[in-house]
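These notes concern the structure reproduced below.
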Amino acid sequence: KMGPTGGGGGSGGVTCPCPPPEQDVVTAAAEADPEAQEQRRALEEQRKQNEAELRAKLDNMSVSELLRAVLSAQGERTVTYKTYDGGLDTVLSTGNITAYPGVVAAATASFSVLSDTINAIRTTLVEKHGRKDVGKLIADLQRSEKEKLSTTAALHLERIREKNEEAVVMGSDNTGGADSRVHNMLREGVATLRAKVQELVETINETLEEIRYAAVEEEKS
């Protein structure tokens, strides 16, 4: 069966082949699935091709346009999170854990492109327009988003482990034994991580509100 820190064969559960949450989510996907490895290589090539093109486009944008572009990219992040979480829900409901590395790889590709775009916007705002004030806000946003992604990845793994342990408990007559205690511990871990994600969402929303305000003020001037 699957315990809270390791892997193994569950009895009718969803066995998680994934590494601990502290490992990089891209590496996790690449190690688990050759297709994900290929997607990672393609992503790196695409990032190099798009970088110069993106910087040239951003150089022709005003401060307000750049700030609105940050907000637009953030909206795409929200959509990507919904797809990422939805992919996990499908894996848990079907028990098809082999589909999960592809879910991770697709989400990671989208998050990487969006993060690169926002970083490039920040560089343009600071270096071309001298806007260190909004540059700091965007840096804060990126730090919070990095932590949110890491926490979400940890939450996903904990949910998979919880699902696997739930199947073990359901198939056991010893409902008050060690399996039940492990399951309860995993449930508590899921709740803790959900709460942490929510805290980060609130922090991110506060930063976005400041960016929106800066965009409005820029448009007034």
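Nothing in this text is a laboratory measurement; each read-out follows from the coordinates by a stated rule. Computed from a predicted structure; not experimentally measured. Don't worry about glycine lacking a Cβ; one is built from the backbone with ideal geometry, like all the others, and counts go over all protein chains shown.
Per-structure values
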| item | result |
| --- | --- |
| Highest average packing first - 124-134, 73-83, 51-61, Cβ atoms within 10 Å | 124-134, 73-83, 51-61 |
| When each of Lys57/Lys132; Lys82/Lys146; Lys146/Lys220; Lys163/Lys196 is checked by Cα-Cα distance, pairs over 26 Å | Lys146/Lys220 |
| Segment Glu210-Glu65, length gained on full extension (0.36 nm per residue, minus Cα span) | 50.7 nm |
| Whole-angstrom gap from region 30-84 to region 186-202, using each part's C-alpha centre | 27 Å |
| In nm, spacing of pseudo-spin labels at Arg187 and Glu147 (7 Å Cα→C-beta vector) | 2.9 nm |
| FRET efficiency, 1/(1 + (r/R0)^6) with R0 35 Å, evaluated for Lys220 and Glu38 via beta carbons | 0.15 |
| Label-point gap, in nm, between Asp116 and Glu45 - each point 7 angstrom along Cα→Cβ | 1.3 nm |
| Chain lengthening between Ala99 and Glu202 when straightened (0.36 nm per residue, less Cα-Cα) | 34.0 nm |
